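**Q** This is the structure I have questions about; it appears just below.
The values are calculated or read from the model by the stated rules, or taken from the named source; none is laboratory data. Since the model is a prediction, treat every value here as computed from it, not as a measurement. We place every Cβ from the backbone using ideal geometry, glycine too, and count neighbours over all the protein chains shown.
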Amino acid sequence: MSGKALKREHFDAVLFDMDGVVTETAAAHAAAWKQLFDAYLTVRAQRDQTDDRPFDANADYRAYVDGKPRYDGVQSFLESRGIELPWGDPDDDSEQETICGLGNRKDAYFNAWLNDNGARVFPGTIEFLHALRGTGILMAVFSASRNMHKVLASAGLGDFFDAQVGGLEMAELGLPGKPDPAILVTCAKELRVPVDRCVVVEDAIAGVQSGRSAGAAWVIGIDREDYAEALRENGANLVVNDLSECRVDADGHIALKTTAALAPAWEQRDALEALLRERRLAVLLDYDGTLTPIVTDYRKAFLSDAMRGTLSRLAERNAVAVVSGRDLKDVQKLVGLDSVYYSGSHGFELSGPDNWNHIHEGAADYLPDLDQAEQALAARLADVPGHALERKHFSLAVHYRQVDDARAGEVASAVDEVLAGNTRLVKGLGKKVFELKPALPWDKGRAVGLLLDTLGMTGDDTVAVFIGDDITDEAAFRELRQPNVSIIVVDDDRATAADFALNDTDEVREFLDWLAQTAEGGA
């Protein structure tokens, strides 16, 4: 057993937290908490002149309510604002000013969301679950949410797990919430497996703490919000961004998937050729480091005539999109093909043939925040030679490739200081670049999903191939699971959700040439 692999002989079962690990409902919970507390704090401040600062759906959610039973979450957050309320009764009306009343109001907000939207399962988690099922490993799911069974049914997983312990069972058994390990011990008993023979998969710090205190064989931390170090410090043996970064082999061993261990994309040719005889093809491509080599000055990353010709040929018969962190107008100009779809600013704005376009409906509200961040960083970095601020419509890039290594830390500190003063923006990482983006649940993966929906390329008669090289491309890799194909252009060894690898942009062009020729034959 090592920090990156767990042998099958060391465990018999895997216990999954639901929200944020299995189902993509954590954001819905955070939104429901924010709707509850923002309205309550405003009313209370008008009455009692108390603190009316809005609930932070990132920081406050993680610190006070994530992973806790609903009423405990209400009490925890209110205490952080110096507010005491009577506990009340679980049967309290949602308009009553009690801990239970407010908790019931939050529950109503969440259920309204669930009825309107349904629960979505993370694609990488589904793949991981089926891989475990194929090896006969037992699985349980747990959650402090009293809506757990309803959410699982909405996601099509109502009968999938061997055991389920949710908020209703916790209340019936009188189980304390995380970080107490009681819910994990109960899951293990339901499976008739010792808890020290269980792997725990969690995205909350309190959940990782409960896994460690339970004595679990291994704890996998899911880092979806850039707090990997905190997960490790609290006991996670392995931290990944998504379960698509883990692989389960035929013997049930679990290991981290890394770029160095990926098979070459050329080994996928026979399988792709078979798929293209029956399916329509969509090809989605990053720009920098994929279609063009990384250059010292990002403004000089020009597309070669050979690569442009390959893209043009590929787009004659297939859907082709360039999905870039660059500003939309910038990437359109650099590629210069009207037959191609484009995604700029990490998916916040998109365009395509026949004047099609899409702008994220909430992004415009964050333009003043980006303006302020740009001004603040320009002042803070004025005396740091070699840095470059690249303002895009809906994001801000801080390049430090030409900054002396001894001063690179100053760039990182400046970015962190600006973000500390504005929780409406979040930091993204790239190759020698920091990205400041709206704190919205949107990324390249969601943009790719929107593009494929728009193109009608999500059915059983389609296959998508995504090629990228950077950390920001991992969101697209996570979104596109089998039979779709994710390919990374490798220049370092790190964890990845990609399926296959290419070595450089020359190999990318050769592979795209082969794809164009093969798709023509398949068509």
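**Q** Can we say V411 is touching a residue at least 24 places away in the same chain (Cβ under 8 Å), surrounded by fewer than 18 Cβ atoms within 10 Å (Cβ to Cβ), β-branched (V, I, T) and at negative phi? Walk me through it before giving the result.
**A** Numbers: touching a residue at least 24 places away in the same chain (Cβ under 8 Å): yes; surrounded by fewer than 18 Cβ atoms within 10 Å (Cβ to Cβ): no; β-branched (V, I, T): yes; at negative phi: yes.
Against the criterion (touching a residue at least 24 places away in the same chain (Cβ under 8 Å), surrounded by fewer than 18 Cβ atoms within 10 Å (Cβ to Cβ), β-branched (V, I, T) and at negative phi), V411 does not qualify.
**Q** Quick one: would you say L419 is closer than 30 Å to R53 by Cβ, surrounded by fewer than 21 Cβ atoms within 10 Å (Cβ to Cβ), modelled with pLDDT of 90 or more and not β-branched (V, I, T)? Let's see the steps before the verdict.
**A** Details: closer than 30 Å to R53 by Cβ: yes; surrounded by fewer than 21 Cβ atoms within 10 Å (Cβ to Cβ): yes; modelled with pLDDT of 90 or more: yes; not β-branched (V, I, T): yes.
Criteria met by L419.
**Q** Just need a number here: residues in the stretch 342-369 that are under 17 Å from E435 (Cα atoms) and either of a type in the set (D, E) or crowded, with 19+ Cβ neighbours inside 10 Å (or both).
**A** 10
**Q** Here is a further query. Out of everything in the stretch 6-23 that is within 14 Å of N147 (Cα to Cα) and not hydrophobic (A, V, I, L, M, F, W, C), what residue ends up being surrounded by the most Cβ atoms within 10 Å (Cβ to Cβ)?
**A** Per the criteria, the residue is D17.
**Q** Among the residues of the stretch 265-282, how many are closer than 16 Å to N503 by Cβ and in contact with a helix residue (DSSP H, G or I) (Cβ under 8 Å, 6 or more places away or on another chain)?
**A** Start the filter on the stretch 265-282 by keeping residues that are closer than 16 Å to N503 by Cβ, which leaves 265-269.
Checking the rest, the ones that are also in contact with a helix residue (DSSP H, G or I) (Cβ under 8 Å, 6 or more places away or on another chain) come to 265-266, 269.
Total meeting the criteria: 3.
**Q** Report every pair of residues separated by at least 6 positions or lying on different chains whose Cβ atoms are under 7 Å apart, first residue within the stretch 34-57 and farther than 12 Å from G82 by Cβ and in contact (Cβ under 8 Å) with a residue 40 or more places away in the chain, second basic (K, R) and surrounded by 14 or more Cβ atoms within 10 Å (Cβ to Cβ).
**A** Matching pairs, first to second residue: L36/R105; L36/K106; A57/K34.
**Q** Also, I was wondering about something else. Can you say whether Y71 is farther than 30 Å from C246 by Cα and of a type in the set (F, W, Y), as far as the supplied structure shows? Walk me through it before giving the result.
**A** Numbers: farther than 30 Å from C246 by Cα: yes; of a type in the set (F, W, Y): yes.
Criteria met by Y71.
**Q** Another question about this same structure. Just for helices (runs of 4 or more DSSP H) wholly inside the stretch 424-523: which have at least 1 residues that are in contact with a Ser or Thr (Cβ under 6 Å, 6 or more places away or on another chain) and under 22 Å from S312 (Cβ atoms)?
**A** On the way: elements: 444-454, 474-479, 505-522.
Of the helices (runs of 4 or more DSSP H) lying wholly inside the stretch 424-523, those with at least 1 residues that are in contact with a Ser or Thr (Cβ under 6 Å, 6 or more places away or on another chain) and under 22 Å from S312 (Cβ atoms) span 444-454, 505-522.
**Q** Here's something else I'd like to know. For the stretch 310-326, indicate whether the set of residues that are out of contact with any helix residue (DSSP H, G or I) (no Cβ under 7 Å at 6 or more places or on another chain), more than 26 Å from A519 (Cα to Cα), without any contact (Cβ under 8 Å) to a residue 40 or more places away in the chain and part of a helix (DSSP H, G or I) is non-empty.
**A** no
**Q** Quick check on my filter: what residues within the stretch 346-375 are of a type in the set (G, A, S), farther than 20 Å from A476 by Cα and not in a helix (DSSP H, G or I)? Before you say what the answer is, go through the steps one by one.
**A** Taking the stretch 346-375 first, the residues of a type in the set (G, A, S) are 347, 351-352, 362-364, 373.
If we keep only those that are farther than 20 Å from A476 by Cα too, we end up with 362, 364, 373.
Scanning the stretch 346-375 gives a single hit, G362.
**Q** Could you tell me which residue of the stretch 1-54 is farthest from E127 (Cα to Cα), considering only residues that are assigned to a loop (DSSP other than H, G, I, E, B) and polar (S, T, N, Q)?
**A** Step one: filter the stretch 1-54 for residues assigned to a loop (DSSP other than H, G, I, E, B), giving 1, 3-4, 7, 11-12, 18, 20-22, 24-25, 49-54.
Okay, now just the ones that are also polar (S, T, N, Q), so 25, 49-50.
On the way: T25: 18, Q49: 51, T50: 48 Å.
Checking each candidate, the answer is Q49.
**Q** Looking at A263, A217, A255, A250, which is the one that is under 24 Å from D19 (Cβ atoms) and not acidic (D, E)? Write out each step before concluding.
**A** On the way: A263 fails: under 24 Å from D19 (Cβ atoms); A255 fails: under 24 Å from D19 (Cβ atoms); A250 fails: under 24 Å from D19 (Cβ atoms).
None of the other options fit; the residue is A217.
**Q** Still on this model: If you take the residues of the stretch 468-518 that are of a type in the set (D, E, K, R), at pLDDT below 95 and surrounded by fewer than 24 Cβ atoms within 10 Å (Cβ to Cβ), which of them is farthest from V240 (Cα to Cα)?
**A** D491
**Q** Quick one: which strands (runs of 3 or more DSSP E) sit completely within the stretch 191-282 and have at least 1 residues that are surrounded by fewer than 22 Cβ atoms within 10 Å (Cβ to Cβ)? Outline the logic, then answer.
**A** Details: elements: 198-202, 218-222, 238-240, 246-248, 254-256.
Output list reads 218-222, 238-240, 246-248, 254-256.
**Q** From the set of residues in the stretch 431-467 that are among the aromatic types (F, W, Y) and modelled with pLDDT of 90 or more, which is nearest to T259 (Cα to Cα)? Show your work before the answer.
**A** So the first thing to find is which residues in the stretch 431-467 are among the aromatic types (F, W, Y), and the list is 434, 442, 466.
Subset that is modelled with pLDDT of 90 or more: 434, 466.
On the way: F434: 22, F466: 15 Å.
Among those residues, the one meeting the criterion is F466.
**Q** Still on this structure, I have one more. Collect the residues in the stretch 329-344 that are assigned to a strand (DSSP E or B) and charged (D, E, K, R), keeping them in residue-number order. Write out each step before concluding.
**A** Applying the first criterion (assigned to a strand (DSSP E or B)) to the stretch 329-344 yields 341-344.
Matches in the stretch 329-344: none.
**Q** Out of curiosity, is K106 crowded, with 18+ Cβ neighbours inside 10 Å, in contact with a helix residue (DSSP H, G or I) (Cβ under 9 Å, 6 or more places away or on another chain) and not assigned by TED's automatic domain parsing to the domain that holds A250? First the steps, then the outcome.
**A** Values: crowded, with 18+ Cβ neighbours inside 10 Å: yes; in contact with a helix residue (DSSP H, G or I) (Cβ under 9 Å, 6 or more places away or on another chain): yes; not assigned by TED's automatic domain parsing to the domain that holds A250: yes.
In short, yes.
**Q** What are the residues in the stretch 84-100 that are of a type in the set (G, A, S) and surrounded by fewer than 17 Cβ atoms within 10 Å (Cβ to Cβ), if any?
**A** Let us first name the residues in the stretch 84-100 that are of a type in the set (G, A, S), namely 88, 94.
Once the filter is applied, which keeps residues that are of a type in the set (G, A, S) and surrounded by fewer than 17 Cβ atoms within 10 Å (Cβ to Cβ), the stretch 84-100 yields only S94.
**Q** For the stretch 202-211, state whether one or more residues are in contact (Cβ under 8 Å) with a residue 12 or more places away in the chain, aliphatic (A, V, I, L, M) and touching a Leu at 6+ places or on another chain (Cβ under 8 Å).
**A** Going residue by residue through the stretch 202-211, those that are in contact (Cβ under 8 Å) with a residue 12 or more places away in the chain are 202-211.
After this cut, where a residue has to be aliphatic (A, V, I, L, M) as well, the list is 204-206, 208.
Restricting the remaining residues to those that are touching a Leu at 6+ places or on another chain (Cβ under 8 Å) gives 205, 208.
Looking through the stretch 202-211, at least one residue is in contact (Cβ under 8 Å) with a residue 12 or more places away in the chain, aliphatic (A, V, I, L, M) and touching a Leu at 6+ places or on another chain (Cβ under 8 Å).
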